[in-house]
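Worksheet: the structure to be examined is printed underneath.
The values are calculated or read from the model by the stated rules, or taken from the named source; none is laboratory data. Predicted, not measured: the structure shown is a model, and the values here were computed from it. With ideal geometry, Cβ positions are generated from the backbone for all residues, glycine too; neighbour counts draw on all protein chains shown.
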Amino acid sequence: MTNTIDKQEIEQFSSLSNEWWDKSGSFSALHKMSNARIEFIIRNSKRIISKNYSDVNTLNGLKCLDIGCGGGILSEPMSRLGALVTGIDASEMAIQSAIDHSKKSRLDIDFKCMSTGDLIKSNKSSLNDQFDIIIASEVIEHVNNRALFLSDIAKLCKPGGLVVFTTINKSVLGVLLGKFFAEEFIKVVPKGTHDLKKFISPNQLIKEAENYKIILDDITGFIPTFSIKNILNKEFGEFKLSSNIEVNYGLAGINLK
């Protein structure tokens with residue numbers, strides 16, 4: 001089986017593993033996107049759960065897989081919402097950072113250093129109902145084999161389960177702002193983090209996911225706010241959901257397989 005992991009990408013993130021929980025460091029943009037990403041996940045999770053949810057425990061009891069979890073920036077808030085979270089990442093150093101921080105946060109999260117393919121091999125007997133929600137946030141633009149990655153997700157997600165992606169649009173603004181502005185000018189993302197050839201447009205991702213019976217039917221944009229202080233400090237403000245999908249966007253839908 002061909003692996004979805006790009007070793008060069010993993011080395012890049014591993015070298016920064018001591019910065020995962022530095023909110024003003026190399027992963028500051030992910031921290032600033034966190035609330036908006038959780039809002040999008042909650043919005044979509046409501047279509048697969050009973051109406052008797054609460055704002056505190058919206059994801060209560062749902063098995064969630066956070067693919068490319070890094071240091072656990074998204075895994076932790078999902079766990080606080082009651083989800084039974086498994087976080088996987090190909091970087092041992094990132095996973096160790098996630099384990100260490102979750103212990104400090106007193107959260108019970110199952111972090112594993114493995115790929116989606118590895119997880120499939122280790123769970124062959126229970127694949128069909130493994131995860132209620134699968135999240136690949138800021139990940140698909142880093143994988144080596146997108147078709148295999150989507151196939152793996154379809155196998156790992158239960159029929160009728162929710163799949164959520166967030167990524168950078170393969171658009172003029174996506175390239176200019178998501179790559180060059182973020183990496184070269186304000187430097188909130190480490191230089192070389194993104195490979196333009198791996199960017200994907202929403203329409204293309206919808207089409208490719210449909211080949212594996214993942215029907216992505218909810219789309220949103222993520223846009224940063226800027227204050228004078230943010231501009232002077234060359235940083236983003238907090239992100240919010242938007243109808244503007246030209247730079248960062250999220251797609252969510254149901255796995256029919």
Original post:
Name the residues in the stretch 19-57 that are surrounded by fewer than 16 Cβ atoms within 10 Å (Cβ to Cβ), under 12 Å from GLY71 (Cβ atoms) and at pLDDT 85 or above, would you?
Top reply: ASP22, LYS23
Original post:
Does any residue of the stretch 5-18 turn out to be at pLDDT 80 or above, surrounded by fewer than 18 Cβ atoms within 10 Å (Cβ to Cβ) and more than 13 Å from the chain's Cα centre (by Cα)?
Top reply: yes
Original post:
Across the stretch 70-89, which residue is surrounded by the fewest Cβ atoms within 10 Å (Cβ to Cβ) among those that are charged (D, E, K, R) and either in contact with an Asp or Glu (Cβ under 7 Å, 6 or more places away or on another chain) or part of a helix (DSSP H, G or I) (or both)?
Top reply: ARG80
**OP:** Check SER102 against each of (1) part of a helix (DSSP H, G or I); (2) within 24 Å of ALA154 (Cα to Cα) and name the one condition it does not meet.
**Re:** (2)
**OP:** Looking only at the stretch 142-162, count how many residues are buried (at least 23 other Cβ atoms within 10 Å of the Cβ), part of a helix (DSSP H, G or I) and of a type outside the set (A, V, I, L, M, F, W, C).
**Re:** 2
Subject >> Failed criterion for SER201 (all others in (1) more than 27 Å from ALA154 (Cβ to Cβ); (2) at pLDDT 95 or above hold) >> reply: (1)
Original post:
Which ones in the stretch 199-217 are within 15 Å of SER151 (Cβ to Cβ) and of a type in the set (Ser, Thr, Tyr)?
Top reply: TYR212
Subject >> Candidate set from the stretch 90-128 (those that are surrounded by 19 or more Cβ atoms within 10 Å (Cβ to Cβ) and without any contact (Cβ under 8 Å) to a residue 60 or more places away in the chain); member that is farthest from LEU148 (Cα to Cα) >> reply: SER102
